[in-house]
Amino acid sequence: MITARAFKASDAPGMRWDVERVRKDFPALDQQVHGKPLVYLDNAATSQKPQAVIDALVGYYSRDNANVHRGVHLMSERATEAYEGARVRIQRHLNAASAREIIFVRQATEGINLVMATFGRSFVGPSDEIVITAIEHHANIVPWQMLCEEKRAALRVVPVDDRGDLIMEEYARLLGPRTRLVAITQVSNALGTVTPIKEIIRLAHRHQIPVLVDGAQAVPHHQVDVQDLGCDFYVFSGHKTFGPTGIGILYGKETWLERMPPYQGGGDMIKAVTFEKTIYNELPYKFEAGTPHIAGAIGLATALEYIAGLGLDRIGAWEHGLLAYGTELLATVPGLRLIGTARRKSAVLSFVLDDIHAHDLGTILDHQGVAVRAGHHCAMPVMQRFGVPATVRASLAFYNTPAELETLASAVQKALEIFR
Ligand code: PLP
């Protein structure tokens, strides 16, 4: 029996958010699973796609499909225009200074690996250091470990307190003359912690250390302005941002990108090739070898326009209300422990329930129509820090409703009864 107070308008102050209207834009939300209405709470893994994005993909493939930058025919011109237009729309969304700073990659993971392979291999040497945090996704740990092994450099890890907040004094202490890069998440996928990223960047820049921001969990929820942040690199994934899979963005300051060697060799990243020498293409093409994910780029730009149209402030306010309400509801479940209670949190509810294994709990929730993620969330060091093998994670988006959170809490309660 759920006893928390009801969700009130004051939970999302000063706004009229017609969530039912918004939900109609997302066809996948309107379905039953295991005979129950779907409650989709796995948005940090991947988010659902609005009809506008689906239409953009279908529109591209049904009218404009051709290779870019190469053809002299009209369809190729249309495809190139759409692809480069998408780059400019994404540049504007992030407020990057130039479209030359927007590199299309497969996802956040590839963006980080690109920086590791080009910046890292060029500017990191023996005994140098790279600073990350204890709450990084494996995508922002393993590439740096690989680089450190190759270069005999060292990884330094900023610890977190029991709430999941970064210990900033430790961060400041770790920055030194051997630090070559700070690579830190803006929002933790496992805990929801929102890191003080501007302060992190400011402190690193005081030592002339460049900063890579992993924005995979930030761009779907927050307005991101890379010039305001001042970061040197920023990565995110299309599929978590209501866009297609297989497309992501690496933003890099032009001054860095110019100094970095190409990532992969092949078509499009060259100006001229002879067997003696290759002259590389200008930015951003230097980093985009081979035929790109043209439809993906168009779909991602459409997704960003869609969320900008809803208003990122309004999205943030609604999700904040949902998070507060969900936190209260889950607090009423006996034996439930929330993992991650940072002072500034994004829309993630990660928890364990008594000694019930997260996978068992996740399966029971699934049978009640509630889609969550159960596991280590590709953040095993976070699990170790909090002394749990895995958690159940409900991750929210602006199309979720207070009623869905009530369903989640009831389903968890039911699981408790089954296991008792
Ligand atoms: N960084 C964070 C914070 C994430 O949450 C994820 C995915 O969950 C990633 C990076 C990797 O994303 P992708 O698999 O789309 O590259």
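The values are calculated or read from the model by the stated rules, or taken from the named source; none is laboratory data. Bear in mind the structure is a predicted one, so any value in this text is a computation, not a measurement. Cβ placement follows ideal geometry from the backbone for every residue including glycine, while neighbour counts extend to all protein chains displayed.
Structure above, values below:
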| read-out | value |
| --- | --- |
| Of all residues making up the range 144-158, the number that are closer than 21 Å to residue 176 by Cα, within 16 Å of the ligand (Cβ to nearest atom) and surrounded by fewer than 16 Cβ atoms within 10 Å (Cβ to Cβ) | 1 |
| Wholly enclosed strands (runs of 3 or more DSSP E) of the range 261-347 bearing at least 1 residues outside the structural domain of residue 99 (by TED's automatic domain parsing) | 336-338 |
| Test: residue 112 is crowded, with 21+ Cβ neighbours inside 10 Å, away from the ligand (no atom under 16 Å from the Cβ) and under 30 Å from residue 310 (Cα atoms) | no |
| Residue satisfying condition, being within 14 Å of the ligand (Cβ to nearest atom) and not assigned by TED's automatic domain parsing to the domain that holds residue 379, within set 130, 167, 141 | 141 |
| The lone exception for residue 352 - which of (1) β-branched (Val, Ile, Thr); (2) crowded, with 20+ Cβ neighbours inside 10 Å; (3) within 22 Å of the chain's Cα centre (by Cα) it fails | (3) |
| For residue 400: the one exception among (1) surrounded by 24 or more Cβ atoms within 10 Å (Cβ to Cβ); (2) within 19 Å of the chain's Cα centre (by Cα); (3) assigned to a helix (DSSP H, G or I) | (3) |
| Residue check for residue 367: within 16 Å of the ligand (Cβ to nearest atom) and either out of contact with any Pro (no Cβ under 8 Å at 6 or more places or on another chain) or at pLDDT below 95 (or both) | no |
| Positions within the range 115-127 being within 16 Å of the ligand (Cβ to nearest atom) and crowded, with 22+ Cβ neighbours inside 10 Å, in sequence order | 115, 116 |
| Criterion violated by residue 329 - all others in (1) surrounded by fewer than 19 Cβ atoms within 10 Å (Cβ to Cβ); (2) under 30 Å from residue 161 (Cβ atoms) satisfied | (1) |
| Residues being crowded, with 19+ Cβ neighbours inside 10 Å, in contact (Cβ under 8 Å) with a residue 12 or more places away in the chain and either under 16 Å from residue 303 (Cα atoms) or of a type in the set (A, V, I, L, M) (or both) - total across the range 90-105 | 8 |
| Candidate set: the range 212-256, residues that are aromatic (Phe, Trp, Tyr) and crowded, with 24+ Cβ neighbours inside 10 Å; chosen: the one nearest to the ligand (Cβ to nearest atom) | 236 |
| Residues that are within 16 Å of the ligand (Cβ to nearest atom) and either in contact with a Pro (Cβ under 9 Å, 6 or more places away or on another chain) or of a type outside the set (A, V, I, L, M) (or both), drawn from the range 95-109 | 103, 104, 106, 107, 109 |
| Some residue of the range 270-277 being hydroxyl-bearing (Ser, Thr, Tyr) and within 16 Å of the ligand (Cβ to nearest atom) | no |
| Selection from the range 361-387 of residues that are assigned to a loop (DSSP other than H, G, I, E, B), surrounded by fewer than 21 Cβ atoms within 10 Å (Cβ to Cβ) and touching a helix residue (DSSP H, G or I) at 6+ places or on another chain (Cβ under 8 Å) | 368, 369, 376, 378 |
| Any hit, the range 270-277, residues being in contact (Cβ under 8 Å) with a residue 40 or more places away in the chain and of a type outside the set (A, V, I, L, M, F, W, C) | no |
| Residue in the range 174-195 that is part of a helix (DSSP H, G or I) and either over 25 Å from residue 223 (Cα atoms) or over 23 Å from the mean Cα position of the chain (by Cα) (or both) present | yes |
